[in-house]
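The values are calculated or read from the model by the stated rules, or taken from the named source; none is laboratory data. Just so it is clear, the model here is predicted, and its values are computed rather than measured. Cβ coordinates were reconstructed from backbone atoms using ideal geometry, including for glycine residues, and neighbour counts include every protein chain displayed. What goes into the accessible areas is simple: the full protein's heavy atoms, side chains included, and nothing from ligands, DNA or RNA. Shrake-Rupley method; radii C 1.70, N 1.55, O 1.52, S 1.80 Å.
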Amino acid sequence: MAAIQDIQRSQLRLVFDAGVDEKGKEIFKNKNYNNINPAATADQLYSVAVAIVGLQDLQLYNIERNDSFMLSEEI
């Protein structure tokens, strides 16, 4: 039996370096953008992320895309 996946939702997450705590452990702050068009390409999301980062005070650490899929049986 083969399964298929259908993308349902996408989220863009920007992870920022917020310095270190009193124990020397790195602190990260996340900014999530929901309701991203699931058909958006990696290049499109990267361009948007770069534009948003230009408006931030914190240093960018990582750009992430989180997708949710519906799994079902292939008919």
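List of remarks:
- Subset tally (residues that are part of a loop (DSSP other than H, G, I, E, B), touching a residue at least 24 places away in the same chain (Cβ under 8 Å) and farther than 26 Å from Q5 by Cβ) for region 44-75: 2
- Filtered residues of region 17-43 (kept if hydrophobic (A, V, I, L, M, F, W, C), in contact with a Ser or Thr (Cβ under 8 Å, 6 or more places away or on another chain) and either modelled with pLDDT under 95 or assigned to a loop (DSSP other than H, G, I, E, B) (or both)): A40
- Of all residues in region 3-13, none satisfies being open to solvent by 60 Å² or more (accessible area, probe 1.4 Å) and over 24 Å from L71 (Cα atoms).
- Breaking point among (1) at pLDDT below 95; (2) exposed (fewer than 12 other Cβ atoms within 10 Å of the Cβ); (3) not charged (D, E, K, R), for Q56: (2)
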